[in-house]
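All remarks here apply to the structure that follows.
The values are calculated or read from the model by the stated rules, or taken from the named source; none is laboratory data. Remember, predicted model here, so these are calculated numbers, not experimental data. Heads up, the Cβs are rebuilt from the backbone with ideal geometry, glycines too, and the neighbour counts pull from every protein chain shown.
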Amino acid sequence: MGACKCDKVVRVEVSYDKDGLFLGRLADVFGDPTRRKIYRHLRDCDGPRSAAEVAEVFGLHRTVARAHLERLVELGLVATSTRRRAGGGRPAKTYALVDTRLEIMLPPRHYERLARLLLALVDETLEPDIAVTAAATLGRTHGQALATESGNGDGRPVRLSPGAVLDWMELAGYRATLSADGDGVAVIEVQNCVYQELAREYPDVVCAFDRGMLCGLLGVDAAAHSQTHALSAGDSVCRHEFRL
């Protein structure tokens, strides 16, 4: 799976959509369950897909699949291109998500701005090693709290299974896969970064927080974790290995 760059951010706030036209179009487009599934399918694909390929995945007529795709194009979330056919002839029209992240704030909030200012403060006042260690510790504490919240409700510490962590990650916006090597090692590969804009500016601190959070969710120490690939380093995934 390819990582969505999402270099451009489009924020839809009430003050900029007073008549609600865009939000109305957004609700109309994503109100259809099949269209939502098609959008998620394109999100997880490693390249553009034609209407015929999408139709085959969802058992639709090609014309119906194309209509759904064009609605996503009209909203600006999907872009079109062409692909040469193996046997020649007219190029096939293909569809892929645009490199744009859409944010909807009702009412407007500026959490990312605050997070950036706090990260700048950490960067200016703490030594790099201390900042990374503090971020990892904070992440692990946060992960433990998240795991406890999803437990039996009695407040006792909970250690989530790798599968449960993957479910949580999906709800939190991560695109991730889980595998095991048979020796008690769980491997989680993440294809996108939910902190991408901040991680681009402060990769060491943000990535340390993310690693710590995953350790906290799984209930393992930092020594039980290793990372061989990172999106912040230009790799196609973040690959985390946990010895359970």
**Item:** Scan of the stretch 190-215 for residues that are under 15 Å from M169 (Cβ atoms), touching a residue at least 40 places away in the same chain (Cβ under 8 Å) and among the aromatic types (F, W, Y), ordered by number
**Value:** F209
**Request:** Residue by residue through the stretch 68-126, note down the ones that are touching a Cys at 6+ places or on another chain (Cβ under 7 Å) and surrounded by fewer than 12 Cβ atoms within 10 Å (Cβ to Cβ).
**Result:** D99
**Message:** Being in contact (Cβ under 8 Å) with a residue 60 or more places away in the chain and β-branched (V, I, T) is the filter here; which residues of the stretch 101-140 pass it?
**Reply:** I104, V122, V132, T133, T137
**Request:** Report the residue count in the stretch 149-186 for those that are surrounded by 11 or more Cβ atoms within 10 Å (Cβ to Cβ) and either in contact with a Lys or Arg (Cβ under 7 Å, 6 or more places away or on another chain) or basic (K, R) (or both).
**Result:** 3
**Among (1) surrounded by 14 or more Cβ atoms within 10 Å (Cβ to Cβ); (2) within 21 Å of the chain's Cα centre (by Cα); (3) at pLDDT below 85 - the single one Y39 does not satisfy** = (3)
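Being of a type outside the set (F, W, Y) and part of a helix (DSSP H, G or I) is the filter here, so list the residues in the stretch 163-177 that pass it.
Of all residues in the stretch 163-177, those of a type outside the set (F, W, Y) come to 163-167, 169-173, 175-177.
Selection gives G163, A164, V165, L166, D167, M169, E170, L171.
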**Fill in**
Within the stretch 204-230, the residues that are surrounded by fewer than 21 Cβ atoms within 10 Å (Cβ to Cβ) and not hydroxyl-bearing (S, T, Y) are D204, G219, V220, D221, A222, A223, A224, H225, Q227, H229, A230
